[in-house]
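Okay, so here's the structure we're looking at.
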Amino acid sequence: MSPVLRTIILLTLSNVFMTFAWYAHLKELNQKPWIVAALVSWGIALFEYLLQVPANRIGYTVMTLPQLKILQEVITLTVFVPFVMLYMRQPIKLDYLWAALCMLGAVYFVFRK
């Protein structure tokens with residue numbers, strides 16, 4: 001498997017954990033003290049880091065740091081939008097599409113030769 005593909009897969013899995021660590025407590029633990037939510041989130045984030053650190057190390061062997069960062073942001077949006085719609089049950093606005101198109105522009109500019 002190519003380093004780019006391994007990086008994308010690991011970053012996608014990492015982002016699933018990151019998204020739940022950062023935002024699921026707003027739905028699931030909103031009645032608990034913030035320290036409980038922080039500790040649960042921290043536990044989830046451990047799995048994020050166990051995937052994210054190797055992903056970035058692998059990706060950095062074939063991409064520049066700015067390329068790796070833009071890739072990370074695009075993956076974050078790709079994971080976040082379904083999370084917002086399916087898990088948090090919130091509507092998506094057309095403005096989010098325009099923001100996504102801007103991110104695609106960033107991908108173009110950072111990866112062009």
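Bear in mind these aren't lab numbers, they're just calculated from the coordinates by the rules spelled out. In this text the structure is predicted, and so the values were computed from the model without any measurement. With ideal geometry, Cβ positions are generated from the backbone for all residues, glycine too; neighbour counts draw on all protein chains shown.
Ordering Thr7, Val53, Gln90 by Cα displacement along the dipole of the chain toward the positive end leaves Thr7 in first place; charges were set at the Cβ atoms of Lys, Arg (+1) and Asp, Glu (-1). Here's the list of lysines a cross-link from Lys113 could span, going by alpha-carbon distance under 26 Å and ignoring same-chain residues fewer than 8 apart: Lys69.
Counting only whole DSSP H helices of the chain, the ones at least 24 Å long by C-alpha along their axis and with mean Kyte-Doolittle hydropathy no lower than 0.0 are 34-59, 65-82, 94-111.
Taking the Cβ of each residue in Arg57, Arg89, Arg6 as the centre, tally the other Cβ atoms inside 10 Å and list the residues starting with the fewest.
Numbers: Arg57 12, Arg89 8, Arg6 15.
Ranked by crowding around the Cβ, least crowded first: Arg89, Arg57, Arg6.
Taking only the C-alpha atoms of the stretch 1-62, Rg followed by Dmax gives 14.0, 45 Å.
What separates the Cα centres of the stretch 4-65 and the stretch 71-113 is a distance of 17 Å. Rg/Rh for the chain stands at 1.02; both radii use Cα atoms, and Rh follows the Kirkwood definition.
Where does each of 91-102, 36-47, 12-23, 74-85 land if you order them by average Cβ count within 10 Å, highest first?
Working: 91-102: 10.0, 36-47: 14.2, 12-23: 19.4, 74-85: 16.2.
Per-residue Cβ counts within 10 Å, averaged per peptide and sorted highest first, yield 12-23, 74-85, 36-47, 91-102.
Our summary gives the chain a relative contact order of 33 percent, counting only alpha carbon pairs under 8 angstrom and 6 or more residues apart.
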